[in-house]
Amino acid sequence: MASCPLFLMTPRPPPALVDASRFPPLAGSADLPTSRRPRPGRRHGHRCDSSSSSSAPRDRPPRPRQQRQRSQRPGGRGDVVDPVGFLAKLGVSDRAFAQFLRDRHKALKDRRWELCSRFIDLKEASSGFELLGMHRHRQHRIDFMEWAPGARYCSLVGDFNEWSPTENCAREGHLGHDDFGYWFIILEDKLRDGQEPDEYFFQEYNYVDDYDKGDNGVDAEEIMHRMKEEYWEPGEIRSRKSQLEMVVKLYEQMFGPNGPQTEEELGEIPDAQTRYNEWKSLQKADSSSLSPSYDIIDNGQPFDIFNVVTDRASFEKFQAKKPPLAYWVEMRKGRKAWLEKYVPTISHKDKYRVYFNTPDGALERVPAWATYVLPVHWEPPPEEIYKWRFGRPKVKGSLRIYESHVGISGSEQKVSSFQEFTSKVLPHIKNSGYNAVQLIGVVEHKDYSSVGYKVTNYFAVSSRFGTPDDFKKLVDEAHGLGLVVLLDIVHSYASADELVGLSLFDGSNDCYFHSGKRGHHKYWGTRMFKYDDVDVLHFLLSNLNWWVTEYRIDGFQFHSLSSMLYTHNGFSTFTGAMEEYCNQYVDKDALIYLILANEMLHDLHPDIITIAEDATFYPGLCELTTQGGLGFDYCVNLSVPEMWLWHLENVPEQEWSMSKIMKVLVSRNQNMLSYVENHNQSISGRKSFAEIILNSGKFSIRSVDDGLMEASLLKIIKLITFTTSGGAYLNFMGNEFAHPKRVEFPMSSNDYSFRLANRQWELLDKGFHKHFFDFDKDVMSLDENERIISKGSPSIHHCDDTSMVICFTRGPFLFVFNFNPEVSHQSYLVGVDEAGEYQLILNTDETKYGGRGELKSSQYVRRTCDKRVDGCRNSLELSLPLRSAQVYKLVRILRI
């Protein structure tokens, strides 16, 4: 198949029978993927059984890079492709790494050709969810398709067929099992008592609308007669009473009415050219014939069906003729007609599984493309399907992300639901000033204590939180509040569970994953995908497109890329040498997958946001794919939270190095997402930063109100991290009000307790938690109004380890931090380039934030003097209370 020319394989989809916006869930006879069956249309959603009866249990900141990314097309069409283009931009001159990028680009082109040979383009390769899994078909049936190349037999078992492994199985031959390992099963709807089968095998039903044109009472025979009279011209079509009628006519034409009956009587048959000449002479004699002049000469050569001899007028006449779809549509009936005639073969919320017979015996599996795993079949009737109310919002300025886990979002000791999150947490996120919500643990996973990172079912939302429609409502309400919704996606590894996951899915060890040691994560007990397999790429690319298409997700954070980019899974010492990014431990196929994923997402969904989480900072993460990069919009600076954690736990506060802190904060600033702490800093036995600062006893108290001054350290840590970020910032749920407790999911070590698997929302209105929340809210509001972290990169003017003072500018804003826990600085000089008046717009020492309020109102506007400080032409004289930070804005420029 790979050698077949593309122009022979490109499908030409027929025109839609009706307006697609009117009948979105209907299956259609759309594109014909190579070596596949006709693609059914949009699914209604399906829910499958994770336990069986036989087994237990935007105007977004228009960054130049982003705009170029949106104009890019897969393969770099429209842009000059330079596999090593970003190296010159970054000033890297490593010959070995440059050669690795060139080799990777060659492999990328080969992988694209493999995909296009099977799926035409990246859009087709990422649309597997339209074909695989369960889909309602127009012809009163449900189609099921699954990929299991190692299986020898495939069927569906469930409540609908009393768990019989033989009643609904894939047929023999191509329509049941193709050469690539795809199994196809048709579940015919059952006739109601007293109903007769449809007269025409192609009779279609509009499953969504109550009525269609076919319900107007017009008889099918009348429609066929009208089509013959109104559409077909004389001689173009003629009805036949028998399938053999045409064969008999041709036989009589060749041999006469009393032709030979045996091979002996047949004698010798003239060659093709002689037969053609004789037939042509008869055609000339019969000048009354109106048949199109299409002749095929069989000369014994391959593909001689394409050697068509025709006249131009007949060809143009045939090309101009439109298909008689209007008559076909008029024959289709509506949903009420379907309900009167049929009973669904598998009902909404029926339990089911896929059954395989493999060389190692029989297996029952949850379908890999299942959309709901409770486990039941999910196909709500059209009147119950969720109707979207709001469009996608556009991000203005920077990304301020609120990271959340639905299960622990409540204050009670239980697993919270999508509905509770929608009604209680989403309004709080909006009120807190964030413009994006990032959800972790949404994709179905069996082990709740894994925080959702050991995924078992990639196309299903976690059933422990609610239904697919509940999640759609969550996304819709978030959009209505102006929040974009990001999903933490785990394509770097998968759960090793064999009962409900993909491990040993078809009985073989290398269906979705590598075999041997390479197929297992060294430390986490998870399985590693085969990124060099076209069908695995089809699965993963389709999964990304599925979440955007079905649930209107606005972007993804790709979790733990270091696990997939290296065969040692990132558990190795990195020195930063370029050789470490191109040696034998680098998985080139994983890099190619990430390039394809970004190309597909940005091509099909131009406003999509992709974020890379890679602890090794692989070169080119946020560079254009046409310039040798991986194509992400942002990458996470994982060094920042680790740096803060190290200082808080191991370094006395008086010994903190300001220069080392700033080096980590700004060394990789461009397109960098920064955060003080996310869920990683408060799970698996760790503590939240608030818990470390408030309960460790390391930090001296300098306020009558215990804890307020300790909280001031957390405030300036958050502010400096936010103001030095590269256009994106993240906060984990609860940390906006200094949540005092860590997160601990129920597991055997804590007797499966929910005591720490929740958030103490009642603290929002109490003590310093209220002060801290007010501060966090004002910081987010300040960025919303002033676009602080969207104004270029920080320019550091002053960084003094002795006084523990840091000063830098970003656009017209001046940021000053005093980390000294013991000394307040009076009349402290900091340099500025622009002479003028600077107004204080944020002060962490204000009493409303729990500070001491040392600054007087007269000190809120400061004018520069012409004294040179820090290499700048002008300077400001400031009062800096201990453990405090100030943000000034240039409001008036003085011309000298």
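The set of residues in segment 210-222 that are of a type outside the set (Ser, Thr, Tyr), surrounded by fewer than 16 Cβ atoms within 10 Å (Cβ to Cβ) and on the phi < 0 side of the Ramachandran plot comprises Asp210, Asn216, Val218, Asp219, Ala220, Glu221, Glu222. Once segment 710-758 is narrowed to residues that are among the small types (Gly, Ala, Ser) and in a helix (DSSP H, G or I), the residue that is modelled with the highest pLDDT is Ser712. All conditions in (1) touching a Phe, Trp or Tyr at 6+ places or on another chain (Cβ under 8 Å); (2) surrounded by 19 or more Cβ atoms within 10 Å (Cβ to Cβ); (3) not in a strand (DSSP E or B) hold for His798, with the sole exception of (3).
Which residues, counting only those in segment 783-795, are touching a Phe, Trp or Tyr at 6+ places or on another chain (Cβ under 9 Å), open to solvent by 30 Å² or more (accessible area, probe 1.4 Å) and at pLDDT 90 or above? Residues satisfying the conditions are Glu786, Ser795.
When His771 is tested against (1) within 41 Å of the chain's Cα centre (by Cα); (2) closer than 16 Å to Val887 by Cβ; (3) not small (Gly, Ala, Ser), only condition (2) is not met. Any idea which residue in segment 411-427 is farthest from Tyr752 (Cα to Cα), counting only those that are open to solvent by less than 30 Å² (accessible area, probe 1.4 Å) and in a helix (DSSP H, G or I)? Only one residue fits best here, namely Leu426. Please determine, by comparing only the residues of segment 386-410 that are of a type in the set (Val, Ile, Thr) and at pLDDT 90 or above, which one is surrounded by the fewest Cβ atoms within 10 Å (Cβ to Cβ). Residue satisfying both the conditions and the ranking: Ile408.
All but one of (1) part of a loop (DSSP other than H, G, I, E, B); (2) open to solvent by 40 Å² or more (accessible area, probe 1.4 Å) hold for Glu383; which doesn't? Going through (1) part of a loop (DSSP other than H, G, I, E, B); (2) open to solvent by 40 Å² or more (accessible area, probe 1.4 Å) one by one, Glu383 breaks only (1). Within segment 545-582, the set of residues being in a loop (DSSP other than H, G, I, E, B), open to solvent by less than 30 Å² (accessible area, probe 1.4 Å) and among the polar types (S, T, N, Q) comprises Ser560, Asn569. One residue stands out among those in segment 135-174 that are closer than 24 Å to Tyr512 by Cβ and aromatic (Phe, Trp, Tyr): the one that is most open to solvent (accessible area, probe 1.4 Å), which is Tyr153. Counting only strands (runs of 3 or more DSSP E) that sit wholly inside segment 828-883, those with at least 1 residues that are closer than 25 Å to Ser781 by Cβ, in contact with a Cys (Cβ under 9 Å, 6 or more places away or on another chain) and at pLDDT 90 or above are 874-880. Annotation note: of Ile683, Ile609, the sole residue that is at pLDDT 95 or above and more than 26 Å from Lys106 (Cα to Cα) is Ile609. Here Met780 meets each of (1) open to solvent by 20 Å² or more (accessible area, probe 1.4 Å); (2) out of contact with any helix residue (DSSP H, G or I) (no Cβ under 8 Å at 6 or more places or on another chain); (3) of a type outside the set (S, T, N, Q) with one exception, condition (1). Kindly indicate whether any position in segment 189-204 is buried (at least 18 other Cβ atoms within 10 Å of the Cβ), touching a strand residue (DSSP E or B) at 6+ places or on another chain (Cβ under 7 Å) and acidic (Asp, Glu). Yes, that holds for at least one residue.
Any residue in segment 330-342 that is within 12 Å of Arg192 (Cβ to Cβ) sitting within a Cβ distance under 8 Å of a residue that is assigned to a helix (DSSP H, G or I) and open to solvent by less than 60 Å² (accessible area, probe 1.4 Å)? List the pairs, counting only those 6 or more apart or interchain. Taking only residues 6 or more apart or on different chains, the pairs are Ala337/Gly214; Ala337/Asp215. Out of the residues in segment 869-893 that are in contact with a Pro (Cβ under 7 Å, 6 or more places away or on another chain) and under 13 Å from Thr809 (Cβ atoms), state the one that is surrounded by the most Cβ atoms within 10 Å (Cβ to Cβ). If we take residues in segment 869-893 being in contact with a Pro (Cβ under 7 Å, 6 or more places away or on another chain) and under 13 Å from Thr809 (Cβ atoms), then Leu890 is surrounded by the most Cβ atoms within 10 Å (Cβ to Cβ).
If you go through segment 759-778 and keep only what is at pLDDT below 90 and not in a helix (DSSP H, G or I), you end up with just Lys766. The one condition from (1) at negative phi; (2) within 17 Å of the chain's Cα centre (by Cα); (3) at pLDDT below 95 that Thr467 does not meet is (2). Between Lys446, Lys472, the distinction of being of a type in the set (Lys, Arg), surrounded by fewer than 22 Cβ atoms within 10 Å (Cβ to Cβ) and over 21 Å from Lys414 (Cβ atoms) belongs to Lys472 only.
Here's the yes/no breakdown for (1) farther than 20 Å from Leu714 by Cα; (2) over 31 Å from the mean Cα position of the chain (by Cα); (3) surrounded by fewer than 22 Cβ atoms within 10 Å (Cβ to Cβ):
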position: Met733; (1), (2), (3): no, no, no
position: Glu736; (1), (2), (3): no, no, no
position: Arg742; (1), (2), (3): no, no, yes
position: Glu762; (1), (2), (3): yes, yes, yes
position: Pro812; (1), (2), (3): yes, yes, yes
position: Ser827; (1), (2), (3): yes, yes, yes
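Filtering segment 801-810 to residues that are open to solvent by less than 30 Å² (accessible area, probe 1.4 Å) and not in a strand (DSSP E or B) leaves Ser803, Met804.
All of (1) outside any strand (DSSP E or B); (2) out of contact with any Phe, Trp or Tyr (no Cβ under 7 Å at 6 or more places or on another chain) hold for Lys473 with one exception: (2).
Arg518 meets the conditions (1) assigned to a helix (DSSP H, G or I); (2) within 19 Å of Ser560 (Cβ to Cβ); (3) touching a strand residue (DSSP E or B) at 6+ places or on another chain (Cβ under 7 Å); (4) open to solvent by 10 Å² or more (accessible area, probe 1.4 Å) in every case but one. The failed one is (3). Checking the stated criteria, Trp378 turns out to be open to solvent by 10 Å² or more (accessible area, probe 1.4 Å), touching a Phe, Trp or Tyr at 6+ places or on another chain (Cβ under 7 Å) and aromatic (Phe, Trp, Tyr). Checking segment 375-396 against the condition returns no match, with no residue being within 21 Å of Ser449 (Cα to Cα) and aliphatic (A, V, I, L, M). Looking for something under 40 Å from the mean Cα position of the chain (by Cα) and open to solvent by 50 Å² or more (accessible area, probe 1.4 Å) - is there at least one such residue anywhere in segment 830-851? Among the residues of segment 830-851, at least one is under 40 Å from the mean Cα position of the chain (by Cα) and open to solvent by 50 Å² or more (accessible area, probe 1.4 Å), which makes the answer yes.
Filtered by the rule that a residue be of a type outside the set (Lys, Arg) and either crowded, with 22+ Cβ neighbours inside 10 Å or closer than 13 Å to Glu477 by Cα (or both), segment 429-443 gives Ile429, Tyr434, Asn435, Ala436, Val437, Gln438, Leu439, Ile440, Gly441, Val442, Val443.
The values are calculated or read from the model by the stated rules, or taken from the named source; none is laboratory data. In this text, all values refer to a predicted model and were calculated from it rather than measured experimentally. Every residue, glycine as well, gets a Cβ built from its backbone with ideal geometry; the counts of neighbours run over all protein chains shown. These accessible areas exclude ligands, DNA and RNA; they are computed on the full protein's heavy atoms, side chains included. Shrake-Rupley method; radii C 1.70, N 1.55, O 1.52, S 1.80 Å.
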